[in-house]
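These notes concern the structure reproduced below.
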Amino acid sequence: MSDLVTQAAPAALPGHPFLAYRNESLHLEDVTLSKLIREHGTPLFVYSKAAMLSALAAYQRGFAGRRAQICYAMKANSSLGVLQVFAQAGCGFDIVSGGELDRVLAAGGDAQKIIFSGVGKTRAEMQHALAAGIGCFNVESEGELDALSSVAVAMNLLAPVSIRVNPNVDPKTHPYISTGLKDNKFGVAHEDALRVYQHAASLKGLKVIGIDCHIGSQITDATPYLDAMDRILDLVVSIEAAGIPLEHIDFGGGLGINYNHDTPPAADALWQQLLTKLDARGFGAKKLMIEPGRSLVGNAGVCLTEVLYLKFGEQKNFCIIDAAMNDLPRPALYQAFHAIVPVALPGIGATGATEATYDVVGPVCESGDWIGHERALSVAAGDHLAVLSAGAYCMSMASNYNTRNRAAEILVDGCKSHLIRRRETVQEQMQQERLVDS
Ligand code: LLP
């Protein structure tokens, strides 16, 4: 018999390959989460660098051998330590404000790989981005084209532009995060696109370099992407026939993640399908751009929280935790589901745990402050829980509502952990404010 005792590898949580229980204690990569709680308190966001890089690698595999640029849509998580991971991996960035531009530059990102999206760029933001030498402005209206051209002319520069076209396909996601339908505020209508391109080409301060679209977020089916690609390629044909060559096609972001038995296509599989279509229509040699956000960071992060109190009622039981809608706004905003699991399995930390079905709620004074409805948990006050899939659109949408300090953030890399944002203080919150002299 072999001397090697093969220990069963710890089972990773479904959809979270870097999150697993070892000795009944939850680990992200090789870091024990309860240790981080002892050192940094709760609520605490913890991100896995390996999870981010492996999500990125799926896209890189999908684009192997192609001219492609992956621009991380940093609105998903704009913390400097997270941006640094993607900058070091050679990513570009999709930004939507001058503030995001400053963050990318502070994190060491390459200005030339930045694309600037959004319906309401101000002239000051345009100036700032032109001065920094960003790669492309994704323009969303004729008014914006005129404004950008005049800003560029005044700076004696040419602004590289792509026009966001609304392909009018239904991504079948939550209405607040679908963006490619006719009645959305985003992009220019498909039927107006050629005319808008001709207008852009006539403006002195602009250099037309691409076309783009973004149809929505948390998309779990390949069909809307394939439909959008067809619609966009139809336009590429007519725009180029009108004498306006396009160097790149940007397909936006939007690929979903597994929150609750969701089964989005893997990034490489999705791109295999899309590239087959692109090749079949004769556009395989075009430079491709994409703007993924959630799918790069969402399942790389957890939010750790402490159970403050359990409250039992006739209709409902409540598990009151120290994280709230200001830290985790997605349930309140989109009725979103985040899995909630114990940091230590019952038997380790849980003394006198009560097994029941709970609504998991935060301390904020609103009934909308819920993190999970009807969750079967075995918990006691003082136990810790991990809210999963918290890497995207949580910290970046966190607020100070109820004068709650924003949480600390840790980046885990193998067995190392780095504090990438310390917990905010109330003094910092009040810093910009002044009492009126009486
Ligand atoms: N590009 C553009 C132009 C976008 O507007 C967005 C997201 C992305 C890329 C990235 O999409 P992703 O790959 O992350 O799906 N707060 C919402 C999501 C809002 C998405 C806004 N735009 C949520 O928590 O579900």
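Is it the case that the stretch 27-38 has a residue that's of a type in the set (Asp, Glu), outside any helix (DSSP H, G or I) and buried (at least 22 other Cβ atoms within 10 Å of the Cβ)? Please lay out each step first, then the result.
Our first condition is that a residue be of a type in the set (Asp, Glu); within the stretch 27-38, this holds for 29-30.
Going one step further and asking which of them are outside any helix (DSSP H, G or I), we end up with 29-30.
Okay, now just the ones that are also buried (at least 22 other Cβ atoms within 10 Å of the Cβ), so none.
Among the residues of the stretch 27-38, not one is of a type in the set (Asp, Glu), outside any helix (DSSP H, G or I) and buried (at least 22 other Cβ atoms within 10 Å of the Cβ), which makes the answer no.
Every residue, every condition in (1) more than 16 Å from the ligand (Cβ to nearest atom); (2) surrounded by fewer than 19 Cβ atoms within 10 Å (Cβ to Cβ); (3) outside the structural domain of Leu377 (by TED's automatic domain parsing), yes or no:
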position: Lys277; (1), (2), (3): yes, yes, yes
position: Val307; (1), (2), (3): yes, no, no
position: Ala332; (1), (2), (3): no, no, no
position: Pro346; (1), (2), (3): yes, yes, no
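Yes or no, residue by residue, for (1) farther than 27 Å from Lys49 by Cα; (2) in a loop (DSSP other than H, G, I, E, B):
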residue	(1), (2)
Thr357	yes, no
Cys365	yes, yes
Ala376	yes, no
Leu385	no, no
Ser396	no, no
Asn405	no, yes
Leu411	no, no
Arg423	no, yes
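In this structure, is Val341 within 13 Å of Pro43 (Cβ to Cβ), assigned by TED's automatic domain parsing to the domain that holds Thr403 and among the aliphatic types (A, V, I, L, M)?
Working: within 13 Å of Pro43 (Cβ to Cβ): no; assigned by TED's automatic domain parsing to the domain that holds Thr403: yes; among the aliphatic types (A, V, I, L, M): yes.
Here the answer is no, as Val341 does not meet what is asked.
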Reported set for the stretch 131-145 where residues are in contact with a Leu (Cβ under 7 Å, 6 or more places away or on another chain) and more than 16 Å from the ligand (Cβ to nearest atom) is Ala132, Leu145
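Among the listed residues Ala398, Ala407, which satisfies the condition of being in contact with an Asp or Glu (Cβ under 6 Å, 6 or more places away or on another chain) and more than 16 Å from the ligand (Cβ to nearest atom)? Talk me through it step by step, then tell me what you get.
Working: Ala398 fails: more than 16 Å from the ligand (Cβ to nearest atom).
Criteria check complete, one pass: Ala407.
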Just name the residue that is surrounded by the most Cβ atoms within 10 Å (Cβ to Cβ) out of those in the stretch 425-438 that are outside any helix (DSSP H, G or I) and not hydrophobic (A, V, I, L, M, F, W, C).
-> Thr425
Inspect all residues belonging to the stretch 316-328 and state whether any of them is charged (D, E, K, R), closer than 30 Å to Glu240 by Cβ and crowded, with 20+ Cβ neighbours inside 10 Å.
-> no
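Quick grid of which residues meet (1) under 14 Å from the mean Cα position of the chain (by Cα); (2) surrounded by 18 or more Cβ atoms within 10 Å (Cβ to Cβ):
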position	(1), (2)
Gln69	no, yes
Lys75	yes, yes
Gly90	no, no
Lys121	no, yes
Can you spot a residue in the stretch 286-294 that is closer than 18 Å to Arg66 by Cβ and surrounded by fewer than 20 Cβ atoms within 10 Å (Cβ to Cβ)?
-> yes
Among all residue pairs at least 6 apart or on different chains, which show Cβ distances below 7 Å where the first residue, located in the stretch 249-267, is in the same structural domain as Ser54 (by TED's automatic domain parsing) and the second is near the ligand (Cβ under 10 Å from one of its atoms) and acidic (Asp, Glu)?
-> Asp250/Asp212; Asp250/Glu291; Gly252/Asp212; Gly252/Glu291; Gly253/Glu291
Exclusive hit being charged (D, E, K, R) and under 19 Å from Asn299 (Cβ atoms), set Arg123, Arg103, Arg67, Arg61 | Arg61
Quick one: Asp110 ticks every box in (1) free of Cβ contacts under 8 Å to residues at least 40 places away in the same chain; (2) within 15 Å of the ligand (Cβ to nearest atom) bar one, so which box is it?
-> (2)
Just give me the residues in the stretch 45-67 being surrounded by fewer than 20 Cβ atoms within 10 Å (Cβ to Cβ), closer than 19 Å to Val31 by Cβ and of a type in the set (A, V, I, L, M), in sequence order.
-> Ala50, Leu53
Could you tell me which residue of the stretch 245-269 is farthest from the ligand (Cβ to nearest atom), considering only residues that are crowded, with 22+ Cβ neighbours inside 10 Å and among the aliphatic types (A, V, I, L, M)?
-> Ile249
Name every residue in the stretch 153-183 that is among the small types (Gly, Ala, Ser), part of a loop (DSSP other than H, G, I, E, B) and either at pLDDT 85 or above or in contact with a Ser or Thr (Cβ under 6 Å, 6 or more places away or on another chain) (or both), in order of residue number.
-> none
Does the stretch 225-242 include one or more residues that are within 16 Å of the ligand (Cβ to nearest atom), surrounded by fewer than 16 Cβ atoms within 10 Å (Cβ to Cβ) and either assigned by TED's automatic domain parsing to the domain that holds Ala285 or without any contact (Cβ under 8 Å) to a residue 40 or more places away in the chain (or both)?
-> no
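Among the residues of the stretch 64-81, count how many are away from the ligand (no atom under 13 Å from the Cβ) and under 25 Å from Glu424 (Cα atoms). Spell out the reasoning first.
Initial filter on the stretch 64-81 (away from the ligand (no atom under 13 Å from the Cβ)): 64-69, 79-81.
When the remaining residues are screened for being under 25 Å from Glu424 (Cα atoms), the result is 79-81.
The number of residues fulfilling the criteria is 3.
The values are calculated or read from the model by the stated rules, or taken from the named source; none is laboratory data. In this text the structure is predicted, and so the values were computed from the model without any measurement. Positions of Cβ are generated from backbone atoms using ideal geometry, with glycine treated the same way; all protein chains shown enter the neighbour counts.
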